Amino acid sequence: MLAVEALDVAYGESQVLWGVDLAVPPGQVVCLMGRNGVGKTTLLKSVMGVVRARGGHVRFEGADITRWPADRRARAGIGYVPQGREIFPHLTVAENLRMALIGTRRSADVRPALDVFPALERLLGRKGGVLSGGEQQMLAIGRALLTRPKLLILDEPTEGIQPSIVTEIEDAIRRIKRELGVAVLLVEQYLAFAERLADAFVIMAKGAVVAAGPPQDLPPDTVRRHLSV
Ligand SMILES: Nc1ncnc2c1ncn2[C@@H]1O[C@H](COP(=O)(O)OP(=O)(O)O)[C@@H](O)[C@H]1O
Ligand SMILES: [Mg+2]
């Protein structure tokens, strides 16, 4: 479904990604792991088209999308929830959800987001800025789902949220995969959460992939060794 091949990315003079390969098969959850600063967010941004590739390719459902602008990638079926969530603090939850539908031909029905996160229903009239971190994360994922992505990209969804909501988000990701058939590319530092969800891991260090594959194919402790100390 998604294939990243020999991707090089640089910010000005400073190269951040070096020949990165990564694949997300249809309907699978792939967990991208690695310490802070290794280039995980940069990789997601270059899949989304927010950051340009200097070399290599990004393919989605067989098309070479390496030079496509971000909005075209979104329309093709890539949904992206950035690190830090980026919801609109002065808009209500309902308005935040409807923002996802602007410029699409879909009706303003936010129901699919509420089906995945029933907790959002009683928050619809609340301003985004007063929600807890976990509620904001549910809103951000729910909003991304309204565009009916085939691939959902999540950048550290459990960062800074309380444990009860971590479980809710974990269950939601499982349902998004099983019931909606959506593939997920997940960056996560929370190892137990990642281990419960991942069909495969991709582990990065210093801008390059150092190990990849289904959990049972990786040597014991591979993932743990490459997490934040
Ligand atoms: N907009 C930017 N301009 C210049 N350097 C950046 C920018 N964004 C990230 N970097 C640098 O790129 C490297 C990788 O960052 P990032 O992709 O955010 O890593 P991660 O998500 O794994 O923590 C870091 O050294 C970071 O300082
Ligand atoms: Mg990051």
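For region 116-132, the count of residues that are in contact (Cβ under 8 Å) with a residue 24 or more places away in the chain, under 18 Å from Val24 (Cα atoms) and not polar (S, T, N, Q) is zero. Which residue pairs have Cβ atoms under 6 Å apart, sit 6 or more places apart or on different chains, and have a first residue in region 94-110 that is more than 23 Å from Val130 (Cα to Cα) and a second that is surrounded by 13 or more Cβ atoms within 10 Å (Cβ to Cβ) and modelled with pLDDT under 90? Sorted first by the residue in region 94-110, then by its partner, the pairs are Ala108/Leu101.
The sole residue among Gly39, Gly49, Gly34 that is surrounded by 14 or more Cβ atoms within 10 Å (Cβ to Cβ), under 16 Å from the mean Cα position of the chain (by Cα), farther than 22 Å from Ile173 by Cβ and within 14 Å of ligand 2 (Cβ to nearest atom) is Gly39. The residues of region 31-74 that are of a type in the set (A, V, I, L, M) and closer than 24 Å to Pro214 by Cβ, listed by number, are Leu32, Met33, Val38, Leu43, Leu44, Val47, Val58. On inspection, Gly77 passes the criterion of being at pLDDT 95 or above, within 24 Å of Met138 (Cα to Cα), away from ligand 1 (no atom under 16 Å from the Cβ) and buried (at least 17 other Cβ atoms within 10 Å of the Cβ).
Take Ala94 and tell me if it is under 16 Å from the mean Cα position of the chain (by Cα) and surrounded by 14 or more Cβ atoms within 10 Å (Cβ to Cβ). Step through it out loud before you land on a result.
Details: under 16 Å from the mean Cα position of the chain (by Cα): no; surrounded by 14 or more Cβ atoms within 10 Å (Cβ to Cβ): yes.
Judged against the criteria, Ala94 is not a match.
Taking the conditions (1) basic (Lys, Arg); (2) within 16 Å of ligand 1 (Cβ to nearest atom); (3) over 23 Å from Glu170 (Cβ atoms); (4) in a loop (DSSP other than H, G, I, E, B) in turn, Arg85 satisfies each one other than (3). Considering region 144-174, and only residues there that are charged (D, E, K, R) and under 15 Å from the mean Cα position of the chain (by Cα), the residue that is nearest to Val81 (Cα to Cα) turns out to be Asp155.
If you check Met99, Met1, which single one turns out to be under 30 Å from Pro215 (Cβ atoms) and either surrounded by fewer than 21 Cβ atoms within 10 Å (Cβ to Cβ) or not hydroxyl-bearing (Ser, Thr, Tyr) (or both)?
Criteria check complete, one pass: Met1.
Can you tell me which residue within region 107-124, out of those that are within 23 Å of Arg178 (Cβ to Cβ) and charged (D, E, K, R), is modelled with the lowest pLDDT?
Within region 107-124, the subset within 23 Å of Arg178 (Cβ to Cβ) is 109-121.
Retained after the next criterion (residues that are charged (D, E, K, R)): 109, 111, 115, 121.
Values: Asp109: 86, Arg111: 92, Asp115: 94, Glu121: 96.
Ranking the qualifying residues of region 107-124, first place goes to Asp109.
I need a count of the residues in region 175-210 that are more than 15 Å from the chain's Cα centre (by Cα) and among the hydrophobic types (A, V, I, L, M, F, W, C). Final tally of qualifying residues: 9.
Among the residues of region 17-31, those identified as surrounded by fewer than 23 Cβ atoms within 10 Å (Cβ to Cβ) and farther than 29 Å from Arg178 by Cα are Trp18, Gly19. Of everything in region 41-74 that is among the acidic types (Asp, Glu) and at pLDDT 95 or above, the residue that is nearest to ligand 1 (Cβ to nearest atom) is Asp64.
The values are calculated or read from the model by the stated rules, or taken from the named source; none is laboratory data. Owing to the predicted nature of the structure, the values given are computational and were not obtained by experimental measurement. Here the Cβ is made from the backbone with ideal geometry for all residues, glycine too, and neighbour counts use every protein chain on show.
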